[in-house]
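Below: the structure, in structure tokens.
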Amino acid sequence: MRFKGTAVLAAVFIGIVFFYFQVDLPSEKRKKEEKDRSEKVILFDSENVKGISFIKGENTITLKRLGADGWQMTAPVNANGDVPVVSDFLLFLKNLNFTRVVEESPKDLSPFGLNTPSLKIILSMENGETKGVRVGDDHPMGNKVYLARLNGSRVLTADITKNRLDQEVHDLRDKTILNFKTPQITKVELTRNEETLSMKKKKASWEVSEGKIAAKGNESEITNLLNTIQTARIEQFVEEQPEELTAYGLNNSKLRIKLTTSQKNEPLTLLIGKKSEHGFYAKTPLKENIFSINQSLFDTLNNRELVDFFNKSLVDFNDDDLVKVTLRMDNSSVDLIRDEKDLQKWTMVKPLNMKANTATINSLLFDLKNVRIVEFITTHTKNSKTFNFEQPEKEINLTYKNGKTWALKLGNQTSTQDHYFSQRSDDETVFTLQKSSVESIFRSLHDLKDRTVLMFEDDLVKEIQIHDSKQTFTLKKSTDKWELISPKPSDSIQSFIGKDILWTLNSIEFESVLARDPGNTLTGLTNPKISVKLFDEKSTILTHLLIGNPVAELPEVHYLKVAENSNVYTMKNRFIDEILSNLKKLKEKL
């Protein structure tokens with residue numbers, strides 16, 4: 001019985017929920033929607049409006065819809081409508097509510113300014129119906145206006161002022177100066193007093209030129225210029241059909257901009273004339289009317305110079321496309337060649353034939369791509385001796401897979417000594433680079449050498465012998481574990497000690513290579529202080545390192561030799577300290 005009662009209660013609850021969501025809630029929603037609709041000044045759908053008229057006494061502004069997203073002004077002038085402004089106005093009018101019914105059927109409308117309203121807004125609908133509103137005076141209490149529907153008698157008030165509904169020709173007319181999309185522009189010609197600054201797009205980059213001067217363009221600066229022109233708007237419509245252009249300074253314009261697009265054969269042109277009350281007179285050849293542009297747009301077009309559009313990035317390249325890097329500095333030359341099979345390896349072929357330091361070269365190339373030009377000094381120089389480019393202090397040359405080359409020459413330092421006059425091979429401009437940028441590119445011969453002393457693969461090493469002139473320590477590797485074999489077997493050593501020893505040996509770098517062996521008396525390499533041998537699984541010696549005496553007058557540096565190599569090197573003590581640290585760990589286990 002208890003179960004039956006619970007079931008009945010559940011059924012009742014479900015019925016209540018069903019009624020609320022299916023009947024009560026939709027009913028409340030409908031009531032709210034009906035209340036909102038009843039309070040609208042005009043009830044209409046914006047997309048069904050095909051025409052709008054603003055009637056102000058004897059003057060009328062008329063617009064008609066063109067397709068889904070266009071508007072055309074047909075009176076008092078034939079011109080494009082300002083689509084965003086018209087759309088926003090329709091949305092505002094659609095959502096406009098009245099706040100009070102003042103009178104249902106007044107005998108006299110003159111107290112409300114509705115007997116002969118100064119403004120009527122009429123909407124022509126797709127179905128042939130006409131809707132609208134008559135706009136009367138502002139309410140004496142302020143921030144309200146008297147309204148009446150086009151074919152209605154009731155006097156309403158809405159919480160807006162009359163000015164919010166009143167639209168002028170200038171408001172509703174398209175004020176676009178030049179209609180284009182920035183990515184589609186392929187050429188810009190800016191002419192000032194018969195001198196033309198040209199910007200031409202070549203694939204993904206820009207070239208800027210003026211007269212005989214040409215250089216790489218700054219895409220960001222050019223895009224900013226185009227965006228400024230694209231978003232600029234007409235300040236004032238001056239004259240629709242001028243009889244002559246001389247009075248406006250437009251018969252022989254001293255300032256003009258021409259844009260060539262990838263979509264149209266005919267360039268877009270803007271002519272700019274004399275100064276006006278609202279800025280500067282202007283026109284486009286495609287239309288008769290004269291308008292004015294603001295001071296800001298005039299300054300942008302008139303005051304920007306060629307150097308403002310130069311690319312301040314020094315050079316752009318793909319690292320893998322490089323096959324050779326040449327550095328000329330300190331009256332010497334360093335040639336670096338990339339390995340054809342392993343792109344991560346570089347070889348120095350001049351002044352020494354040896355492996356190059358890959359990390360240093362990668363760092364150099366990274367810094368080179370990130371260098372920025374500080375200032376363009378001059379756009380052209382016929383006499384490079386002015387900056388000493390005939391005998392540059394430093395020079396870098398890049399050679400690419402396709403055989404093309406690029407070069408940077410550094411001339412004299414500036415008077416403040418913190419910048420270099422510079423010039424690159426792909427244009428004639430002269431510019432300055434920061435001294436710190438130059439130093440990041442032109443690395444020393446010492447840094448460019450691969451100074452790694454030992455070359456072996458860790459996985460091939462199965463035995464390590466270290467002798468410190470008193471005793472010999474032998475470690476053997478079993479699978480992935482290192483064990484101490486002598487002087488006393490121990491399986492308690494931590495396996496990472498063997499890994500640390502190999503890591504230390506792999507990281508040893510020499511400081512210098514001696515031109516000749518100074519002899520054992522000086523080097524002490526016949527009876528070395530430390531000897532390290534590495535063996536493979538067949539007990540074949542992979543490498544043998546010998547560390548001898550400190551260098552005279554340089555106690556922080558020791559002599560060093562690899563048994564399979566005849567060279568004698570010097571090495572900083574920090575590597576010896578690391579080896580001794582590893583030995584200390586081994587001795588602690590004995």
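Nothing in this text is a laboratory measurement; each read-out follows from the coordinates by a stated rule. This is a predicted model, so every value here is computed, not measured. Note that each Cβ is placed from the backbone with ideal geometry, even for glycine, and that neighbours are counted across all protein chains shown.
Determine whether Glu104 is more than 26 Å from Gln236 (Cα to Cα) and among the acidic types (Asp, Glu). So Glu104 passes the test. Considering segment 212-238, the residues that are in a loop (DSSP other than H, G, I, E, B) and over 21 Å from the mean Cα position of the chain (by Cα) include one that is nearest to Glu428 (Cα to Cα), namely Lys212. Could you check how many residues of segment 72-91 are more than 21 Å from Lys287 (Cβ to Cβ) and surrounded by fewer than 14 Cβ atoms within 10 Å (Cβ to Cβ)? Within segment 72-91, residues that are more than 21 Å from Lys287 (Cβ to Cβ) and surrounded by fewer than 14 Cβ atoms within 10 Å (Cβ to Cβ) number 2. Ile160 satisfies every condition listed in (1) closer than 30 Å to Met125 by Cβ; (2) free of Cβ contacts under 8 Å to residues at least 40 places away in the same chain except (2).
Which one is nearest to Val513 (Cα to Cα), of the residues in segment 309-351 that are among the basic types (Lys, Arg) and not in a loop (DSSP other than H, G, I, E, B)? Out of the qualifying residues, it is Lys350. Only one entry in Ala204, Ala214, Ala282, Ala232 is hydrophobic (A, V, I, L, M, F, W, C) and surrounded by fewer than 15 Cβ atoms within 10 Å (Cβ to Cβ), namely Ala204.
The C-beta contact set for segment 239-266 (first residue outside any loop (DSSP other than H, G, I, E, B), second residue surrounded by 15 or more Cβ atoms within 10 Å (Cβ to Cβ) and of a type in the set (D, E, K, R), distance under 6 angstrom, 6+ apart or interchain) comprises Leu255/Arg192; Lys258/Glu189; Thr260/Lys187. Checking each residue in segment 409-428 for being surrounded by 14 or more Cβ atoms within 10 Å (Cβ to Cβ) and in contact with a helix residue (DSSP H, G or I) (Cβ under 8 Å, 6 or more places away or on another chain) picks out Leu410, Gly411, Gln413, His419, Tyr420, Gln423.
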